[in-house]
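Taking it in order: structure first as structure tokens, then the write-up.
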Amino acid sequence: MKILLVGSGGREHALALGLKADPKCSELHCAPGNPGIASLAKLHNIAVTDNDGLLNLAKEIGADLVVIGPEAPLVNGLADVLRAAGIATFGPSKAAAQLEGSKDFAKGVMRDAGVPTSHSFTCTTKEEIEKALDSFGAPYVVKDDGLAAGKGVVVTNDRAAALAHGLSCSRVVIEEFLDGPEISLFGISDGRNILPMQPAQDFKRAFDGDEGPNTGGMGAYSPLPWAPDDIVDETYEKVLAPMIAEMAARGTPFIGLLYAGLALTNSGIKVIEFNARFGDPETEVLIPRLVTPLAQLLYKAATDSLDDVALQWSDESAVTVVLASEGYPDSPKTNGAISKIPTIDKTQIFHAGTKAGENGLLSSGGRVMAVTGTGKDLTEARDCAYRAISQIELEGSFYRSDIALNASVAEKGN
Ligand code: AMP
Ligand code: GLY
């Protein structure tokens, strides 16, 4: 099977690793990719938003499957263009990707599907915004309706800041604050069936102890020793299956990865958000744990054939820690020299924001690398990840020191 993977981040590096490990994958291509992915796939310098360029590339290489990583090309209709040309594609249509592209749309589908989520109002005027803020009270949760590259959500006790964010959006969703730990639970769907993956937890704040600004994600781990045993079944029954049924009933089946961001509240699980693609950095811990061959799995999803598939997982734990550039997330420095990348057993170094310079590897983004360790438990996995990341040299870079720390302590107590 010849596969084209679209994207260039740590998530795509992890997907490339999984796809390449499947014996059915005969050729792996990636557009545009990064220097880490270059060791697994042939790279093509085509932007993820260039639908025509990517369609031509898929035809040229005779791709049997295209896997779309990031949200931008999904919302841009890349999957529709590829499917119209008869190419099997893992990734939702433009219409189905609205589950990520519009918070208001996602709320409407959840309402129709009976999926538990917070109460919300969608507002366009100052009067509506103020009314919504005052009806919920603090902490205020204010979400830009559209894609905002991780900057669209403000959670604050400061009413003036909540109002200011609301006014800066052309359409805004204001919702009830959900209290409780957050988990990420993904499902792989062919449009009719959805296979839940194992849960993971992401660390969204920049600094230790969940301090500092929101980021794209500073680290993740899986499995979650503290989560209720039935979390996967409950999420499948209450969230994933009804969403897939509702999207199919609307004539816009969701084919690809449905990312449910959940809060475990006192009154059960509630959806915080949906994404229409693999999460980053959760993918960097899930792919190393997934035993089911990835290329065949995603091909079956893309060709409406998941009926008899069950996912298999390794018993090992995985922890990933993100190395971020100085100034991330507000104003990340780029073009720094990266050196001393170690090769350590049970450790994978996924490139995210890197590029090849004349004299070696350079940073090119805020999240530079995700370093994943695996082991028999979270403590071992953490040790591997931290041993590796502490050796990498990039001036001014930083990483959190507490990824999966509480969970590894809890696991020991069990
Ligand atoms: P989102 O982009 O929707 O994932 O929101 C970013 C982050 O804001 C989430 O990971 C949560 O930590 C927080 N958040 C979003 N919605 C809520 C909510 N209703 N209650 C509490 N926190 C929330
Ligand atoms: N881990 C958060 C995201 O992928 O959106």
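The values are calculated or read from the model by the stated rules, or taken from the named source; none is laboratory data. Note that this is a predicted model, so its numbers are computed, not measured. All Cβ positions, even for glycine, are placed from backbone atoms using ideal geometry, and neighbour counts span all protein chains on display. Heavy atoms of the whole protein, side chains included, go into the accessibility calculation; ligands, DNA and RNA do not. Shrake-Rupley method; radii C 1.70, N 1.55, O 1.52, S 1.80 Å.
Hey, can you tell me all the residues within the stretch 263-295 that are farther than 22 Å from S26 by Cα, open to solvent by 20 Å² or more (accessible area, probe 1.4 Å) and in contact with a strand residue (DSSP E or B) (Cβ under 6 Å, 6 or more places away or on another chain)?
K270, I272, E273, R277
Would you confirm whether any residue within the stretch 1-16 is among the basic types (K, R), closer than 21 Å to E246 by Cβ and open to solvent by 10 Å² or more (accessible area, probe 1.4 Å)? Talk me through it step by step, then tell me what you get.
Here is the first cut: in the stretch 1-16, the residues among the basic types (K, R) are 2, 11.
Among the residues that remain, those that are also closer than 21 Å to E246 by Cβ are: none.
Within the stretch 1-16, none of the residues are among the basic types (K, R), closer than 21 Å to E246 by Cβ and open to solvent by 10 Å² or more (accessible area, probe 1.4 Å).
Would you pick out the residues in the stretch 242-295 that are in a loop (DSSP other than H, G, I, E, B) and within 14 Å of ligand 2 (Cβ to nearest atom)? It would help to see each step written out before you state the result.
As a first pass, look at the stretch 242-295 and keep what is in a loop (DSSP other than H, G, I, E, B): 250-254, 266-267, 276-282, 291-293.
Within the stretch 242-295, A276, R277, F278, G279, D280, P281, E282 qualify.
State whether the residues of the stretch 159-169 include one that is of a type outside the set (D, E), part of a loop (DSSP other than H, G, I, E, B), open to solvent by 50 Å² or more (accessible area, probe 1.4 Å) and in contact with a Gly (Cβ under 9 Å, 6 or more places away or on another chain). Can you show your working first?
Within the stretch 159-169, the subset of a type outside the set (D, E) is 159-169.
From what's left, part of a loop (DSSP other than H, G, I, E, B): 169.
Checking the rest, the ones that are also open to solvent by 50 Å² or more (accessible area, probe 1.4 Å) come to none.
So far as the stretch 159-169 goes, no, none of its residues is of a type outside the set (D, E), part of a loop (DSSP other than H, G, I, E, B), open to solvent by 50 Å² or more (accessible area, probe 1.4 Å) and in contact with a Gly (Cβ under 9 Å, 6 or more places away or on another chain).
Please state which one of K20, K103 is of a type in the set (K, R), closer than 29 Å to K143 by Cα and open to solvent by 30 Å² or more (accessible area, probe 1.4 Å). Explain how you work it out, then say what you get.
Numbers: K20 fails: closer than 29 Å to K143 by Cα.
That would be K103, the only listed residue that is of a type in the set (K, R), closer than 29 Å to K143 by Cα and open to solvent by 30 Å² or more (accessible area, probe 1.4 Å).
Please verify whether S189 is open to solvent by 30 Å² or more (accessible area, probe 1.4 Å), over 30 Å from A324 (Cβ atoms) and either touching an Asp or Glu at 6+ places or on another chain (Cβ under 9 Å) or assigned to a strand (DSSP E or B) (or both), treating the condition exactly as stated.
Values: open to solvent by 30 Å² or more (accessible area, probe 1.4 Å): no; over 30 Å from A324 (Cβ atoms): yes; either touching an Asp or Glu at 6+ places or on another chain (Cβ under 9 Å) or assigned to a strand (DSSP E or B) (or both): yes.
No, not satisfied.
Among the helices (runs of 4 or more DSSP H) lying completely within the stretch 49-98, list those that include at least 3 residues that are of a type in the set (D, E) and over 26 Å from V109 (Cα atoms).
On the way: elements: 51-60, 71-75, 78-84.
Counting at least 3 such residues, we get no helices (runs of 4 or more DSSP H) at all.
So how many residues does the stretch 265-292 have that are within 13 Å of ligand 1 (Cβ to nearest atom), over 14 Å from the mean Cα position of the chain (by Cα) and over 19 Å from I231 (Cα atoms)?
Counting residues in the stretch 265-292 that are within 13 Å of ligand 1 (Cβ to nearest atom), over 14 Å from the mean Cα position of the chain (by Cα) and over 19 Å from I231 (Cα atoms) gives 0.
Restricting attention to the stretch 111-131, which residues are open to solvent by less than 60 Å² (accessible area, probe 1.4 Å) and outside any loop (DSSP other than H, G, I, E, B)?
A113, T117, S120, T122, C123, I129, E130
Only one residue in V154, V173 is open to solvent by less than 70 Å² (accessible area, probe 1.4 Å) and in contact with a Lys or Arg (Cβ under 6 Å, 6 or more places away or on another chain), so which one is that? Let's see the steps before the verdict.
Values: V154 fails: in contact with a Lys or Arg (Cβ under 6 Å, 6 or more places away or on another chain).
Only one candidate passes the filter, namely V173.
Could you grab me the full set of residues in the stretch 390-412 that are part of a helix (DSSP H, G or I) and open to solvent by 70 Å² or more (accessible area, probe 1.4 Å)? Let's see the steps before the verdict.
Going residue by residue through the stretch 390-412, those that are part of a helix (DSSP H, G or I) are 405-412.
Within the stretch 390-412, N406, V409, K412 qualify.
Would you check which residues across the stretch 118-144 are out of contact with any Asp or Glu (no Cβ under 9 Å at 6 or more places or on another chain) and of a type in the set (F, W, Y) and list them?
Correct list: empty.
Please enumerate the residues belonging to the stretch 212-241 that are buried (at least 20 other Cβ atoms within 10 Å of the Cβ), within 16 Å of ligand 2 (Cβ to nearest atom) and not aromatic (F, W, Y).
If the condition is that a residue be buried (at least 20 other Cβ atoms within 10 Å of the Cβ), within 16 Å of ligand 2 (Cβ to nearest atom) and not aromatic (F, W, Y), then T215, G216, G217, M218, G219, A220, S222, L224 are the ones that fit.
Between P253, P242, P225, which is away from ligand 1 (no atom under 16 Å from the Cβ), under 24 Å from V66 (Cα atoms) and not basic (K, R)? Lay out the reasoning, then the answer.
Working: P242 fails: under 24 Å from V66 (Cα atoms); P225 fails: under 24 Å from V66 (Cα atoms).
None of the others qualify; the one that does is P253.
Just one of the numbered conditions (1) more than 18 Å from the chain's Cα centre (by Cα); (2) within 16 Å of ligand 2 (Cβ to nearest atom); (3) free of Cβ contacts under 8 Å to residues at least 40 places away in the same chain is not true of K59; which one?
(2)
Only one of (1) in a strand (DSSP E or B); (2) surrounded by fewer than 17 Cβ atoms within 10 Å (Cβ to Cβ) is not met by D134, so which one is it?
Condition not satisfied by D134: (1).
Out of D112, D134, D52, D104, which single residue is in contact with a strand residue (DSSP E or B) (Cβ under 9 Å, 6 or more places away or on another chain) and among the charged types (D, E, K, R)? Steps first, please.
Details: D112 fails: in contact with a strand residue (DSSP E or B) (Cβ under 9 Å, 6 or more places away or on another chain); D134 fails: in contact with a strand residue (DSSP E or B) (Cβ under 9 Å, 6 or more places away or on another chain); D52 fails: in contact with a strand residue (DSSP E or B) (Cβ under 9 Å, 6 or more places away or on another chain).
Selected residue: D104, the only one of D112, D134, D52, D104 that is in contact with a strand residue (DSSP E or B) (Cβ under 9 Å, 6 or more places away or on another chain) and among the charged types (D, E, K, R).
Which members of the stretch 296-316 meet the condition of being assigned to a helix (DSSP H, G or I) and either open to solvent by less than 30 Å² (accessible area, probe 1.4 Å) or among the acidic types (D, E) (or both)? Steps first, please.
If we filter the stretch 296-316 for residues that are assigned to a helix (DSSP H, G or I), which is where we start, we get 296-302.
If the condition is that a residue be assigned to a helix (DSSP H, G or I) and either open to solvent by less than 30 Å² (accessible area, probe 1.4 Å) or among the acidic types (D, E) (or both), then L297, L298, A301, A302 are the ones that fit.
Can you pull out the residues in the stretch 353-389 that are open to solvent by 70 Å² or more (accessible area, probe 1.4 Å) and part of a loop (DSSP other than H, G, I, E, B)?
Result: E358, N359, K376.
For the stretch 77-127, enumerate the residues that are β-branched (V, I, T) and without any contact (Cβ under 8 Å) to a residue 40 or more places away in the chain.
Looking only at the stretch 77-127, we keep the residues that are β-branched (V, I, T), and these are 81, 87, 89, 109, 115, 117, 122, 124-125.
Listed by number, the residues that qualify are V81, I87, T125.
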